[in-house]
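In what follows, a single structure is set out as structure tokens and then discussed.
The values are calculated or read from the model by the stated rules, or taken from the named source; none is laboratory data. For clarity, every value in this text was computed on a predicted model and none was experimentally measured. Positions of Cβ are backbone-derived with ideal geometry, glycine not excepted, and every protein chain shown enters the neighbour counts.
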Amino acid sequence: MPASHRHPRRPQDDRRDDQRQRIAAEAARLISELGLRDYHQAKLRAAQRLGIQDERHLPRNTEIEAALREYQRLFGGTERLEYLHTLRRCAVEALRFFQRFEPRLVGAVLDGTADQHSAVCLHLFSDDPDALPLFLHEQGIPFEQIERQLRWGHDEAQRFDAYRFSADDVPVDLTLLPLDALRQAPLDRIDGKPMRRANLAAAQQLLEQDTAE
């Protein structure tokens, strides 16, 4: 658009952008320091702490993720990177251990935003809903069973069984999905796109890159 046809920015636009950035930065701090994993909850809590009540100033989830990466770059230091490497090493071991379930690594350990509050999150696949809890029992692994909601489109969220346990003090989170879910990943809660997933070979390559760096 020619410059003569551009609408000049209004002071309220600059103010709105500034408040969105402040909320995103505060939400990133809360996520890092308190371990909040629900971005919507984090942005609402950040806005409340900053005394900002107009929801039009709330940042998008992608803005919060960008602020989180910047916060980790500034304040995470080598300690967070070392722990991320530990989590990724645990993820590779878990991918091997659950190989019969076609496992895929997802979440913060894969995308690099994991910290001391994060779990190793895997998607496992089987059309037998009892296969995974039976396997865990056979291996003598105590676990907590919960429900998780995932979406593949604008339809209503579907519920799936999920299982949590600890391996060498690292929390592991497993979501059991039907085999046909291997063809298409559920939507990411941050950007609404299909979730990034990594198989064992891809996770091993990520771990090797960490070591090289």
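Below, the figures for the structure above:
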quantity	calculated
Selection status of ASP191, under 21 Å from the mean Cα position of the chain (by Cα), acidic (Asp, Glu) and part of a strand (DSSP E or B)	no
Residue match in segment 86-106 (condition: more than 30 Å from ASP180 (Cα to Cα) and either over 14 Å from the mean Cα position of the chain (by Cα) or not in a loop (DSSP other than H, G, I, E, B) (or both))	yes
Matching entry among LEU95, LEU110 (being closer than 28 Å to ALA24 by Cβ and not assigned by TED's automatic domain parsing to the domain that holds LEU36)	LEU110
Condition met for ALA203 (under 16 Å from ASP111 (Cα atoms), in contact with a Pro (Cβ under 8 Å, 6 or more places away or on another chain), crowded, with 16+ Cβ neighbours inside 10 Å and assigned by TED's automatic domain parsing to the domain that holds PRO133)	no
Test set (1) loosely packed, with under 13 Cβ neighbours inside 10 Å; (2) touching a residue at least 60 places away in the same chain (Cβ under 8 Å) - GLN184 fails condition number	(2)
Some residue of segment 149-170 being surrounded by 12 or more Cβ atoms within 10 Å (Cβ to Cβ), free of Cβ contacts under 8 Å to residues at least 12 places away in the same chain and assigned to a loop (DSSP other than H, G, I, E, B)	yes
Residue check for ALA119: assigned by TED's automatic domain parsing to the domain that holds ARG159, small (Gly, Ala, Ser) and under 13 Å from PHE165 (Cβ atoms)	yes
Selection from segment 39-62 of residues that are closer than 24 Å to THR113 by Cα, over 14 Å from the mean Cα position of the chain (by Cα) and outside any loop (DSSP other than H, G, I, E, B)	GLN41, LYS43, LEU44, ARG45, ALA46, ALA47, ARG49
Some residue of segment 177-184 being modelled with pLDDT under 95, in contact with a Phe, Trp or Tyr (Cβ under 9 Å, 6 or more places away or on another chain) and within 23 Å of ARG100 (Cβ to Cβ)	yes
